[in-house]
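Worksheet: the structure to be examined is printed underneath.
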Amino acid sequence: MYDICLNPEKVGIEQSAHLIIATARNPKIKSCSLYALDAMARLSQMKKIEAALLENGISNATIRVDVPEKGVAHITGAVYNPADQQRLPDLIKRVPGISEVRVDVLVAPGQ
């Protein structure tokens, strides 16, 4: 989104969210907002997935999370533990709004 640039560390997450929402509701922005709102929804889902992985002890340093369309998550990369590879689909499906998970994650040899 190039229409607004915020530093959430200075402004705060909550204020940043309010500013983004207010900007998105602006009539001048709304005229081109269909794609922007979809992109923001997909970005939100992507960040929720990344947070869920971290909360469950799966590092996203070697994993790439993509939400190519709303409700669809595509995970690529590598993990070091076969159990982590197996639990990815279930963890990701718990994220609200995610209905389909595509996992292309390999198990890398030990660290």
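Answer yes or no as to whether Pro96 is exposed (fewer than 13 other Cβ atoms within 10 Å of the Cβ), in a strand (DSSP E or B) and either within 13 Å of the chain's Cα centre (by Cα) or not aliphatic (A, V, I, L, M) (or both).
Numbers: exposed (fewer than 13 other Cβ atoms within 10 Å of the Cβ): yes; in a strand (DSSP E or B): no; either within 13 Å of the chain's Cα centre (by Cα) or not aliphatic (A, V, I, L, M) (or both): yes.
No, not satisfied.
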task = Answer yes if at least one residue in the range 38-57 is among the hydrophobic types (A, V, I, L, M, F, W, C) and farther than 30 Å from His18 by Cβ, and no otherwise.
result = no
key: Residues (outside any strand (DSSP E or B) and either in contact with an Asp or Glu (Cβ under 7 Å, 6 or more places away or on another chain) or surrounded by 14 or more Cβ atoms within 10 Å (Cβ to Cβ) (or both)) located in the range 59-74   = Asn60, Thr62, Lys70, Gly71
inquiry  = Which residue is farthest from Arg42 (Cα to Cα), if the candidates are limited to the range 79-93 and must be surrounded by 15 or more Cβ atoms within 10 Å (Cβ to Cβ) and hydrophobic (A, V, I, L, M, F, W, C)?
reply    = Val79
query = So is Leu43 part of a helix (DSSP H, G or I) and touching a residue at least 12 places away in the same chain (Cβ under 8 Å) or not?
reply = yes
message = Pull out all pairs, ordered by first then second residue, where Cβ-Cβ is under 7 Å, the residues are six or more apart or on different chains, the first lies in the range 51-79 and is on the phi > 0 side of the Ramachandran plot, and the second is crowded, with 17+ Cβ neighbours inside 10 Å and in a loop (DSSP other than H, G, I, E, B).
response = Gly71/Ile98
Contacts under 9 angstrom Cβ, first residue in the range 2-20 being assigned to a helix (DSSP H, G or I), partner modelled with pLDDT under 80 and not basic (Lys, Arg), 6 or more apart = Gln15/Pro8; Ser16/Pro8; Ala17/Pro8; Leu19/Ile4; Ile20/Met1; Ile20/Ile4
message = I want to confirm something. Restricting to the range 46-58 and keeping residues that are in contact with a Leu (Cβ under 8 Å, 6 or more places away or on another chain) and assigned to a helix (DSSP H, G or I), which single residue is surrounded by the most Cβ atoms within 10 Å (Cβ to Cβ)?
response = Leu53
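Would the range 80-92 turn up any residue that is within 13 Å of the chain's Cα centre (by Cα) and at pLDDT 95 or above? Give the derivation first.
To start, the set of residues in the range 80-92 that are within 13 Å of the chain's Cα centre (by Cα) comprises 92.
So of that shortlist, the ones also at pLDDT 95 or above come out as 92.
Scanning the range 80-92 turns up at least one residue that is within 13 Å of the chain's Cα centre (by Cα) and at pLDDT 95 or above.
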ask   = Given the conditions (1) in contact (Cβ under 8 Å) with a residue 12 or more places away in the chain; (2) surrounded by 12 or more Cβ atoms within 10 Å (Cβ to Cβ), and given that Asp104 satisfies all but one, which numbered condition is not satisfied?
value = (2)
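The values are calculated or read from the model by the stated rules, or taken from the named source; none is laboratory data. Just so it is clear, the structure is predicted and the values come from calculations on it, not from any experiment. Cβ atoms come from the backbone with ideal geometry, glycine included; neighbour counts cover every protein chain shown.
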